[in-house]
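What follows is a single structure, written as C-alpha cells, with notes after it.
We did not get these values from a lab; they are worked out from the coordinates using the rules stated. Just so it is clear, the model here is predicted, and its values are computed rather than measured. Ideal geometry is used to build each Cβ from the backbone, glycine not excepted, and the neighbour counts take in all protein chains shown.
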Ligand code: ARG
Ligand code: ZN
Ligand code: CA
C-alpha cells in the first residue's frame, strides 16, 4: 500500500520530466549535444504511459496490481520464501521497419544487440569493473534474466521518420503487428524517430501493458546494436535502458527533481545526467548530499558511461518475470 502510494505520487510528478529549468551538472553536456547532433535527448515513455493510464481504468487496475505483487515478491525474497536462482530466458522477436538499406539492420547486428542485453543483464559486460567501489556492494550482479532471439520480421516502408505514437506496432498504420506479446518480447527497429522535433533513441511500455498490442520496445536504427551505430550511443545501451522500463524500472532520478524511482539502493538524485560525468558527482536532495549513481543504465548518460543495475532494480525486474509476475508468460520453451 505504501509502495502503491509512492507510485501514484511519482506519476503525479512526471510533468517535470524533460523540463529545461534544471541546470545540468555535467561539464560534457554541450559537447555531447554538439557532437551527437541531438538538441536534448528525452525519453517519452513515462509521459506516454501517464496518458495511457489517465485514459484507461483497466490499465490503472493492472498497474495497481503489479505494484502490490512487486512488494509481495520483495518481501517473500527477504523471508527466503522465494529463491530466485533460476534464470528466466525471454524469447525476443525483432521487427525491422526500414526505408533505406542502412536502416535494415543486419542479422549480425541484431545478434550483437541481443549479446549486449545478455552481457548487461548478467553483469558480464566488459566495463563492469568501472563501478566505483562505493557502489559495488549494491551492484545487481547477475539479474538471472537472459534474452534469446527467436524470430526477425522485416518490412520495407516508405515512412522515413516515425513518431512515438505506436504506429510502427500496427500493420494497419504501416507497421508490423506484435507477435503474441504475452509470450514474446517484441522489439521494433525503425529508421528514425522524433517527438516534438527531438530525436528519440527509443521508448518502452511498462509492465501494466503486458500482453497488449503495443507492448514492447522501439529503438531507432542508429542506436541499435554496435557496428554501424551512432556515437556516443553505439554500445547497444539504449536497448538495455528500454528493457529496464519494460521490466518495471523507472528513471533513476524518478522523473522529477529529487524524484523517487521506487528503489532504495539507488541514491536520490536531482535530475538526469548526460554525456560522461566525472565521478564523484554530488547532488543534494532534502538537505542531504549524496554521490549519485549516474553510471546506472536508467540514467541518460552516454552508452560508454553506463554500466550497472542496482540490487533493488534487479528485485523489481525479477518480480515482473517471476511465476507470479505480470510478465510470467515470457519463457523460452
Ligand atoms: N529513451 C531514451 C532517449 O530516447 C533512451 C536513453 C538511452 N540512453 C543511452 N545512453 N543509450 O533518450
Ligand atoms: Zn527512459
Ligand atoms: Ca532511489
(request) Give the stretch 255-269 a look and list any residue that's at positive phi and more than 12 Å from ligand 2 (Cβ to nearest atom), or say none. (result) 258, 262
(request) Check the stretch 228-241 and report whether any residue there is under 20 Å from residue 50 (Cα atoms), surrounded by fewer than 23 Cβ atoms within 10 Å (Cβ to Cβ) and more than 15 Å from the chain's Cα centre (by Cα). (result) no
(message) Pairs please, first residue from the stretch 89-102 and surrounded by fewer than 18 Cβ atoms within 10 Å (Cβ to Cβ), second anywhere and in a strand (DSSP E or B), Cβ atoms under 6 Å, 6+ apart in sequence or on different chains.
(response) 89/146; 89/148
(message) So if I check each of 290, 316, which one is within 14 Å of ligand 3 (Cβ to nearest atom) and under 28 Å from residue 220 (Cα atoms)?
(response) 316
(request) Sort out for me the strands (runs of 3 or more DSSP E) sitting completely within the stretch 199-316 that have 1 or more residues that are closer than 19 Å to residue 114 by Cβ, in contact (Cβ under 8 Å) with a residue 24 or more places away in the chain and within 16 Å of ligand 1 (Cβ to nearest atom). (result) 202-204, 217-220
(request) For the stretch 140-165, enumerate the residues that are surrounded by fewer than 19 Cβ atoms within 10 Å (Cβ to Cβ) and either under 27 Å from residue 47 (Cα atoms) or in contact with a helix residue (DSSP H, G or I) (Cβ under 7 Å, 6 or more places away or on another chain) (or both). (result) 142, 144, 146, 149, 152, 159, 160, 161, 163, 165
